[in-house]
1. Using label points projected 7 Å from each Cα along Cα→Cβ, tell me how many nm separate Thr138 and Thr82, to one decimal.
2. Spelling out what I want: for every residue of region 265-282, take phi, set θ = phi - 60°, compute 6.51 cos²θ - 1.76 cosθ + 1.60 (Karplus), and round to whole Hz; glycine and proline get x.
3. If you find the alpha carbon centre of region 108-185 and of region 246-296, how far apart are they in angstrom?
4. Could you compute how much accessible surface Leu86 exposes when probed at 1.4 Å, giving the result in Å² to the nearest 10?
5. Once amide H atoms are placed 1.01 Å from N in the peptide plane, what residues at a sequence separation of 5 or more from Ser255, or on another chain, have their amide H within under 5 Å of its amide H?
6. Pairing the Cα long axis of helix 8-20 with the longest principal axis of the chain, what angle in degrees results, from 0 to 90 and rounded to the nearest 10?
7. Accessible area per residue, 1.4 Å probe, Å², for region 232-307: what's the number?
8. Would you mind telling me the share, in percent, of accessible area of region 72-169 contributed by carbon and sulfur at probe 1.4 angstrom?
Amino acid sequence: MGAEILSSRAIMGMYFLALELGSQIKWVNAISNATPYPSDQETEEYGWLGQVPGMREWVGGRHAKGLSDQSYKIRNKKYESTIQFLLNELRRDKTGQIQTRINEHVNRADSHWAELLTALLVAGESQVCYDGQYFFDTDHTEGESGTQSNLLSIDISTPTAPTSAEMANAIFKAVQQIMGFKDDQGKSMNSVAREFLVLTPTTFMQSTSSALSDTTIVDGGTSRTNTLASAKRFSVDFDVNPDLSWTDSFVVVRSDSQVPPLIRQEEDAVEVAAKAEGSEFEFDYDAHQYGLRAQRAAGYGFWQFACKVKFT
């Protein structure tokens, strides 16, 4: 009698265990909602992206404010990823290679959220958000907010290779810009902001790390205290996104807001299906297939919680 074939029930168990481990990409939760908003239709419309009223003196009667007439629609799409194991592979697996491939399969599904969010960031200067402007733009305006920009241009000597001093200065300016954003009533949107995340391409890793950790930096040949690293009022962390195609830019987001700068929604969470024991596929091809499936989407939330910096 030959060696027993690893059963589909055992493999499905491996998949469910791997899926329970959750996301390993921490910046995804920092720039979007930690739990995707549930969706029960093809397209969801977000009409709550306008501002809610602030407190006012009660004179006369209540002044109720309804939802903003601005809205943003996000359409779900169906995604899949399928892997195939030959029966001989399942029969001969002695070293846990099947488990390794399953873990990698689930990890790729997990990284799909990062791919969707990265695409939004990269297209942020050419795709509109709820106010009808590009997500990263220089002339956002709503009600009494005045004209506001979440797209900064900073002149440095080498735009593709900022020094730690230049990076510290740019990050500080982006945080300062976010702190100053106003809502449609002319009120501060980020007065209680305390936590920010810098998301950079790989080429900015070293300068960003130094900008956030070195207590003293060299600026123009002169050493000075790094006010960014010593700031007590707020904390700034950073992460690296290898898929960002920028060579001269990075983004800073407010990471402690109730509503994120980017939105994730999910109609169907990741599901596992199989063509395994007793199937026609097994009979015809001497193999099993395991597929992952999800229906989801990502879109733009509040531009006021993000700022892109471009070095020129």
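1. Going from the Thr138 label point to the Thr82 one covers 5.0 nm.
2. 10, 9, 7, 9, 5, 4, 10, 10, 9, 9, 10, 9, 3, x, 7, 5, 4, 4
3. Cα centroid of region 108-185 versus Cα centroid of region 246-296: 27 Å apart.
4. Surface open to solvent at Leu86 totals about 80 Å².
5. Glu195, Phe196, Leu197
6. 10 degrees
7. On the way: 3220 Å² over 76 residues.
Ligands and nucleic acids excluded, the figure is 42 Å² per residue.
8. Details: 2310 of 5060 Å².
Of all accessible area on region 72-169, carbon and sulfur atoms account for 46 percent.
The values are calculated or read from the model by the stated rules, or taken from the named source; none is laboratory data. What you see is a predicted model; the values in this text were computed from it and never measured. Don't worry about glycine lacking a Cβ; one is built from the backbone with ideal geometry, like all the others, and counts go over all protein chains shown. The protein model used for the area step is the full one, side chains on, heavy atoms only, and it has no ligands, DNA or RNA in it. Shrake-Rupley method; radii C 1.70, N 1.55, O 1.52, S 1.80 Å.
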